[in-house]
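Okay, structure first, notes after.
The values are calculated or read from the model by the stated rules, or taken from the named source; none is laboratory data. Keep in mind the model is a prediction, meaning the values are calculated, not measured. Heads up, the Cβs are rebuilt from the backbone with ideal geometry, glycines too, and the neighbour counts pull from every protein chain shown.
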Amino acid sequence: MPLSQLNFPNELTALIKIKYEEEKEWVFDAVRNKWLVCTPEEWVRQHAVQYLIAKKYSLYHLQIETGLITGFNQKRSDLIANVDGKPVVLVECKSPHVKLSQETFNQAFNYNNTIGAKTIWLTNGLQNLYWDCQSAQQLTELPGPL
C-alpha cells in the first residue's frame with residue numbers, strides 16, 4: 001500500500017525512516033527507538049513527531065501511547081510533548097481517511113482533562129487543528145515550547 005501524501009513539509013517526510021520487509025512497510029519510531037508496522041495512523045504520528053521536533057520540542061521529552069484513565073476507562077494518548085516535566089501539547093492523531101470532527105475534539109478534550117496540556121493538536125495528516133486550552137480559542141499554528 002503506498003504511503004499517503006500528507007500536509008506536512010516534504011523535508012519533514014524525508015526525515016522519517018521507512019523500510020520494506022516481510023511484504024510490509026515499516027516506519028522507525030525515534031521516540032520509542034523501534035520499527036513499527038506503518039499503519040496510516042502511525043504514518044501521521046511520525047509526521048507529528050518530526051513537526052514537534054522542527055518546532056523545537058525535544059525528542060527526549062515526547063511520549064507516545066501514554067496510558068491514562070478517563071472516568072472508569074483505560075485509554076492511551078497518541079503523543080504528548082512535555083516541557084520541564086509538564087505536558088504542554090496533547091496530540092490526537094487519526095488516519096488520513098478519518099475526518100476531524102466534534103467527536104474527535106471531544107475525545108482529545110476528554111483525554112486532556114486527565115493530562116492537563118496547554119494545547120491540543122488534532123491531526124489526520126491532511127488537516128491540523130490547534131486549540132489553546134487556557135484561552136479556549138482555536139490557534140492558527142502550533143506554538144513552540146515556552
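Summed over segment 81-140, residues that are farther than 23 Å from Phe8 by Cα and of a type in the set (Val, Ile, Thr) total 3. Among the residues examined, Ser4 qualifies as in contact with a Pro (Cβ under 8 Å, 6 or more places away or on another chain) and at pLDDT below 95.
So which residues in segment 119-146 are on the phi > 0 side of the Ramachandran plot and in contact with a His (Cβ under 9 Å, 6 or more places away or on another chain), if there are any at all? Working first, answer last.
Kept after step one, since they are on the phi > 0 side of the Ramachandran plot, are these residues of segment 119-146: 125, 136.
Once the filter is applied, which keeps residues that are on the phi > 0 side of the Ramachandran plot and in contact with a His (Cβ under 9 Å, 6 or more places away or on another chain), segment 119-146 yields only Gly125.
Residue pairs whose Cβ atoms lie under 7 Å apart, sitting 6 or more positions apart in sequence or on different chains, and linking a residue in segment 26-44 that is part of a loop (DSSP other than H, G, I, E, B) to a partner that is of a type in the set (Val, Ile, Thr), are Ala30/Val49; Val31/Val49; Val31/Ile64; Arg32/Ile64; Cys38/Ile18; Cys38/Val27. Quick check on my filter: what residues within segment 15-30 are modelled with pLDDT under 95 and hydrophobic (A, V, I, L, M, F, W, C)? Across segment 15-30, the qualifying residue is only Ala30.
The residue that is nearest to Val31 (Cα to Cα), among those in segment 92-115 that are in contact with a Lys or Arg (Cβ under 8 Å, 6 or more places away or on another chain) and not polar (S, T, N, Q), is Cys93.
If the condition is being surrounded by 15 or more Cβ atoms within 10 Å (Cβ to Cβ) and not in a loop (DSSP other than H, G, I, E, B), then segment 15-25 contributes only Glu25. Once segment 119-146 is narrowed to residues that are surrounded by 13 or more Cβ atoms within 10 Å (Cβ to Cβ) and β-branched (Val, Ile, Thr), the residue that is farthest from the chain's Cα centre (by Cα) is Thr119. Screening segment 30-45 for residues that are closer than 16 Å to Tyr20 by Cβ and under 13 Å from the mean Cα position of the chain (by Cα) and picking the one that is surrounded by the fewest Cβ atoms within 10 Å (Cβ to Cβ) gives Glu42.
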